[in-house]
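Taking it in order: structure first as structure tokens, then the write-up.
Please treat every number below as a calculation from the coordinates, not as lab data. A quick note: this is a predicted structure, and the numbers were derived from the prediction, not measured. Because the Cβ atoms are built from the backbone with ideal geometry, glycine has one as well, and the counts that use them run over all protein chains shown.
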Amino acid sequence: MPPERDTEREKRAAAEASALLVEDGMTVGLGTGSTVAFLLAPLAARGLSIRCVATSPATERAARELGLRVESFDDLDRLDIAIDGADQVAADGWLVKGGGGAHVREKIVAAAADRFVVIVDSGKPVAKLSPPVSLELSSFGLPSTLRALADVELRDAPPSPDGGVIADYLAPFTAPEALAARLAAAPGVVGHGLFPPEMVGEVLVGRGSEAQALELTG
Ligand code: 5RP
């Protein structure tokens, strides 16, 4: 039997490698989730003068506790770098994100960054993306949105900080681009967890105690 994969160690390795990409004076987007949680301490320990934006109240709290300067995203209109986890990474660079329900803020932050760095353990790269795909839905007219989309299940999760209802799209799909376009065009969908390759600068994968850059084919 192969040795058991140490997921926490892999997350830490990817997160620590990404912390080294941040330079003094940068504006930095901080993602959400257990992998990003491993980023905050090494980043704070570098003692850089940086301004951060957080994608969730949980990340904001944790970052502030470590002494990182977290600002409102009302005060910055671009970021030098954003670092975040993912639930699935396809070889062509498409991502599924939003396991923590923060995908709308995460996408806004990733899109605002010159460089978006994805940090994952070795269980996240997949041959093909599969459901669930996270959704944030408007509470107004929710039943009609659910009826129109079909194959959506509401998640047992609190609303997003922006008041959106968190749900999952569950139907199998083959073309992420087509599904992303369909979800983006659906009235009532605030945002979805499919992130296109154009948004992704690089993916750092923890393998054992090392971080390796994933070669993207897209
Ligand atoms: C939160 C996210 C996370 O980045 C994603 O779910 C991965 O989480 P983790 O690092 O805990 O595996 O998109 O909305």
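As a rough footprinting exposure proxy, the listed residues Asp121, Asp24 were ranked by other beta carbons within 10 Å of their own, and the order from fewest upward is Asp24, Asp121.
In segment 45-86 the Cα-Cα distances spread across 10 Å bins starting at 0 as 25, 61, 14 percent of all pairs. Protection proxy ranking of 156-163, 204-211, 80-87, by the mean of other Cβ atoms within 10 Å over each peptide's residues and highest first, is 80-87, 204-211, 156-163. Quick one: check the C-alpha center-to-center distance for segment 2-52 versus segment 89-124, whole angstrom. Their Cα centres are 14 Å away from one another. When the P(r) is computed for the chain, the part past 26 Å accounts for 34% of the Cα-Cα pairs. Stretched out straight at 0.36 nm per residue, the stretch from Ala171 to Leu142 would grow longer than its current Cα-Cα span by 8.6 nm.
Secondary-structure-derived ellipticity at 222 nm for the chain, considering helices only, amounts to -8500 deg cm²/dmol, per-run term -39500 (n - 2.57) for DSSP H runs with n ≥ 4. Using just the C-alpha positions of segment 84-132 as equal point scatterers, what log10 of I(q)/I(0) does the Debye formula give at each q in 0.17, 0.26, 0.32 1/Å? Ignoring solvent entirely, the Cα scatterers give -0.49, -1.08, -1.33.
In terms of overall dimensions, segment 133-192 has a Cα radius of gyration and Dmax of 10.8, 31 angstrom. Protection proxy ranking, highest mean first, for peptides 191-203, 91-103: 91-103, 191-203, where packing is the per-residue count of other beta-carbon atoms within 10 Å, averaged.
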